Amino acid sequence: MISLPLLYYLIAINAITFITYGIDKWKARKNKWRIPESTLLLLAVFGGSIGAFLGMRVWRHKTMHKKFKYGKPSILVLQIGLLLYFI
């Protein structure tokens, strides 16, 4: 069973990641200063891979970049595997 603090963390990091993708997409449309790709990738690595995946789909953001198109699902599969291993 997953611990309650871990569950809260995963919900929070995924919500933050999803919102961050939306903000970056908005900034891209307005030609404003963008959120670095490394930040977007790190949010996924630190547990926000579901939020990143949903952000890519909902906001239609970073869907053509190979490191996002293939890297995000890879991170998600790895994280699910680790979660199942430790449960």
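Computed on protein heavy atoms with a 1.4 Å probe, the accessible areas place W59, W26, W33 in the order W33, W26, W59, largest first. For segment 3-30 versus segment 37-87, the spacing of their alpha-carbon centroids is 11 Å. Between A12 and L83, the simple spin-label model (points 7 angstrom out along Cα→Cβ) gives 1.7 nm. Think of a 1.4 Å ball rolled over the protein heavy atoms: segment 1-52 then has 64 Å² of accessible area per residue. Value of Rg to Rh for the chain, rounded to two decimals, is 1.01; Kirkwood radius and Rg both from alpha-carbon coordinates. The heavy atoms of S3 present about 60 square angstrom of accessible area, all protein chains included, probe 1.4 Å.
Rounded to the nearest 10 degrees, the inclination of helix 71-86 to the longest alpha-carbon principal axis of the chain is 10 degrees.
Our summary gives the chain a relative contact order of 31 percent, counting only alpha carbon pairs under 8 angstrom and 6 or more residues apart.
In terms of the mean number of neighbouring beta-carbon atoms within 10 Å, the peptides 11-23, 70-82 order highest first as 11-23, 70-82.
The values are calculated or read from the model by the stated rules, or taken from the named source; none is laboratory data. All of these numbers come straight from a predicted model, not from anything done at the bench. Heads up, the Cβs are rebuilt from the backbone with ideal geometry, glycines too, and the neighbour counts pull from every protein chain shown. Heavy atoms of the whole protein, side chains included, go into the accessibility calculation; ligands, DNA and RNA do not. Shrake-Rupley method; radii C 1.70, N 1.55, O 1.52, S 1.80 Å.
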